[in-house]
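Visitor: Have a look at this one before I ask anything.
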């Protein structure tokens, strides 16, 4: 008896292991020419695991506080053995994770994987994307460098422009009227406790829903397969799909390692709250389309403040985006066309405004 | 005039007239009829409401009558009657005393600007302008030539003729005019020279308002060329360390006994350019060799000091370049950058110490700088070595990852070759 089968027998005897992993063994993944889009969710999950691992390692040395944060990150990057690698991987993986999460979201839209009965899968996925962006926003400030300090100042100022509750939200986020050390410790708390807890919960829900409903098949193909079941092609999740996913994870790890080693994440200069804001303050790339839009909106739109209008429009659009699957069944395919149009528009808009944001002075 | 100034009764009467005229203006501002006519007249009698409203005196509540007398509350020519105390156009010869009447009166000026000095008139009398003026030369500058009239702004206003950014231009108005300055037997190229100087660059180009302009060295109301003996004191207002070094040097006594004007001997005056190490050389910018003979003890010390400075400069630049390379490779070298700044400071210090003209002191600074530059270079080289190590590590990791991917691929093929996918 090999060690593996021995452990398996030991678990089976106590927990009925075979029954527990039974559904996993029966789980299948459809095979078609767009199957590779299925890997994106798994890659995002893999990058999240990397974030958790590297985040825990960074926690061993990181010290939140206006007088220590920058120095502790500097210490990690220069003195701690492989600290530079851990910090660089943490920063790069964060960005790659948000990128793959966005790509996953758009693949779900264009393959119409959100449709009934997977509305709640979409909803939990969207919440995970918002949480990931929250991770990005809170984590950006933690090194307490100049760019992050002023970007957070601008970002929280924008929050403050939300009508009625904006100011209270801004004070809550900042831990006061200004971005100070109190903001840093607060963001640290969000980043290492609140957001990970919520994310773990929603990851479980999301994975549970994916497991429960199985992988979605593009509608056209699904109809064909229903009409002639003999045409349907599937592969076992375990081990066939999982091994392929593992290959994708390895490739993602290679890309991540190359980025971390060739383009280590910069630390910049320590934030000085009394210094003037340097030129070129910009948020992380995934907030750029919103930031640039708010910059481009005229100061006054009719009788309202242009920026407030922009914030309200983004808020409303985000809310509709959350509810996207529920519009799919509007009469005679109108909903489907609407969602496709909205998806194409959103993708083009995000790409165009992000590029414009980086090119505009 | 002296009699008049010393006559307490007359003086009191004049102040009373000015104050009462001012008070009249304050109460009858809406009835200042002077501008009704003078706003419509042609120059030089023209003074518009817009022009006068920008004048600091107007803003403080003074009126035309405060200087010119008369009664602006009255209409027509009655406003300018002798009975109303009208003095008409102020003669150029009366201007300093007229301005000084208020501006030399501390108690009066306290009402408007307690921090404003009240010694302008007494300083003016010590100036070259004031002395010539006292001799009856009315071509020389009086208050309004520098400060303007009717549209006079406070010196802190960037539009003021005496704002630091505009002073050189204001002085040059006369001093760069060869025909106007004819007869005074002084050069008229000061402004042209100053415009090429490091001081002008700091003030006008970099906007450093603390950088020197004409009045910084010559004084303003008491403007006069600094004498040979006082040049060092003028420069040392800003260049403190250079002054301390020069003070102890052998050149101080030598220049004094030769009647040479200290700093100016090597650096010139109005056209001071950015000093470089070439001043210690033998090329066109060389200054030492203008007095010293090749091969003498001083020349040998000069060579030693120049060699040391050049070594430190090269070491600093080399460390800077290697550090830049490490930084563009993404290495964290901010601490080394701080060390590099120290090496730069040591180089600057050595250049300042040159003013002691003592090789041992200069060598000490150079040695200190070389040590820091060497440490910085070592840190930069270590950073580059670390970068290479990381890249090798990455290469190794990528090979391992590639092998794992290929292994997985082969395993999947083998797995699916033996059994159908479902």
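The values are calculated or read from the model by the stated rules, or taken from the named source; none is laboratory data. Note that the structure is predicted; figures quoted are calculated from it, not measured. Don't worry about glycine lacking a Cβ; one is built from the backbone with ideal geometry, like all the others, and counts go over all protein chains shown.
Visitor: Hey, does segment A:271-280 have a residue that's in contact with a strand residue (DSSP E or B) (Cβ under 9 Å, 6 or more places away or on another chain) and surrounded by fewer than 18 Cβ atoms within 10 Å (Cβ to Cβ)?
Guide: For segment A:271-280, residues in contact with a strand residue (DSSP E or B) (Cβ under 9 Å, 6 or more places away or on another chain) and surrounded by fewer than 18 Cβ atoms within 10 Å (Cβ to Cβ): absent.
Visitor: Among the candidates A:350, A:262, A:251, single out the residue that is within 14 Å of another protein chain (Cβ to nearest Cβ) and modelled with pLDDT of 95 or more.
Guide: A:251 is the lone residue from the list that is within 14 Å of another protein chain (Cβ to nearest Cβ) and modelled with pLDDT of 95 or more.
Visitor: Right, something else. Based on this model, can you work out whether residue A:99 counts as modelled with pLDDT of 95 or more and either more than 17 Å from the chain's Cα centre (by Cα) or not in a loop (DSSP other than H, G, I, E, B) (or both)?
Guide: So residue A:99 fits the description; yes.
Visitor: Right, something else. Residue B:121 fails exactly one of the following numbered conditions: (1) without any contact (Cβ under 8 Å) to a residue 12 or more places away in the chain; (2) surrounded by 17 or more Cβ atoms within 10 Å (Cβ to Cβ). What is the number of that condition?
Guide: Failing condition for residue B:121: (1).
Visitor: From B:328, B:348, which residue is away from chain A (no Cβ under 14 Å) and either surrounded by 18 or more Cβ atoms within 10 Å (Cβ to Cβ) or free of Cβ contacts under 8 Å to residues at least 12 places away in the same chain (or both)?
Guide: After applying the criteria, what remains is B:348.
Every residue, every condition in (1) touching a strand residue (DSSP E or B) at 6+ places or on another chain (Cβ under 7 Å); (2) closer than 24 Å to residue B:129 by Cβ; (3) not in a loop (DSSP other than H, G, I, E, B), yes or no:
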residue: B:212; (1), (2), (3): no, yes, no
residue: B:220; (1), (2), (3): no, yes, no
residue: B:242; (1), (2), (3): no, no, yes
residue: B:252; (1), (2), (3): no, no, yes
residue: B:255; (1), (2), (3): no, no, yes
residue: B:275; (1), (2), (3): no, no, no
residue: B:285; (1), (2), (3): no, no, no
residue: B:289; (1), (2), (3): no, no, yes
residue: B:300; (1), (2), (3): no, no, yes
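Visitor: If you don't mind, another one. Any residue at all in segment B:271-285 that's surrounded by fewer than 19 Cβ atoms within 10 Å (Cβ to Cβ), in contact with a helix residue (DSSP H, G or I) (Cβ under 7 Å, 6 or more places away or on another chain), free of Cβ contacts under 8 Å to residues at least 12 places away in the same chain and under 30 Å from residue B:176 (Cβ atoms)?
Guide: The answer is yes; a qualifying residue exists.
Visitor: Does residue A:46 meet the test of being in a helix (DSSP H, G or I), touching a strand residue (DSSP E or B) at 6+ places or on another chain (Cβ under 7 Å) and more than 15 Å from residue A:238 (Cβ to Cβ)? Break it down stepwise before answering.
Guide: On the way: in a helix (DSSP H, G or I): yes; touching a strand residue (DSSP E or B) at 6+ places or on another chain (Cβ under 7 Å): no; more than 15 Å from residue A:238 (Cβ to Cβ): yes.
Judged against the criteria, residue A:46 is not a match.
Visitor: Would you confirm whether or not segment B:364-386 contains a residue that is facing chain A (nearest Cβ under 9 Å) and either surrounded by 14 or more Cβ atoms within 10 Å (Cβ to Cβ) or not in a helix (DSSP H, G or I) (or both)?
Guide: Yes, some residue in segment B:364-386 is facing chain A (nearest Cβ under 9 Å) and either surrounded by 14 or more Cβ atoms within 10 Å (Cβ to Cβ) or not in a helix (DSSP H, G or I) (or both).
Visitor: OK, next. Mind listing whichever residues of segment A:74-93 are surrounded by 15 or more Cβ atoms within 10 Å (Cβ to Cβ) and more than 9 Å from chain B (Cβ to nearest Cβ)?
Guide: A:75, A:76, A:80, A:83, A:86, A:87, A:89, A:90, A:91, A:92, A:93, listed by residue number.
Visitor: Here is a check on your reading of the model: is residue A:185 more than 14 Å from chain B (Cβ to nearest Cβ) and touching a residue at least 40 places away in the same chain (Cβ under 8 Å)? Let's see the steps before the verdict.
Guide: On the way: more than 14 Å from chain B (Cβ to nearest Cβ): yes; touching a residue at least 40 places away in the same chain (Cβ under 8 Å): yes.
Considered against the rule, which asks whether it is more than 14 Å from chain B (Cβ to nearest Cβ) and touching a residue at least 40 places away in the same chain (Cβ under 8 Å), residue A:185 comes out as yes.
Visitor: With respect to residue A:137, is the statement that it is touching a helix residue (DSSP H, G or I) at 6+ places or on another chain (Cβ under 9 Å), in contact (Cβ under 8 Å) with a residue 24 or more places away in the chain and more than 17 Å from residue A:187 (Cα to Cα) true? Reasoning before the result, please.
Guide: Values: touching a helix residue (DSSP H, G or I) at 6+ places or on another chain (Cβ under 9 Å): yes; in contact (Cβ under 8 Å) with a residue 24 or more places away in the chain: yes; more than 17 Å from residue A:187 (Cα to Cα): no.
Taking the combined requirement at face value, the residue does not satisfy it.
Visitor: Find the helices (runs of 4 or more DSSP H) located wholly in segment A:193-308 whose residues include 3 or more that are in contact (Cβ under 8 Å) with a residue 12 or more places away in the chain, farther than 30 Å from residue B:415 by Cβ and within 25 Å of the chain's Cα centre (by Cα), and list them.
Guide: On the way: elements: A:195-213, A:219-227, A:242-262, A:285-296.
Answer list for segment A:193-308: A:195-213, A:242-262, A:285-296.
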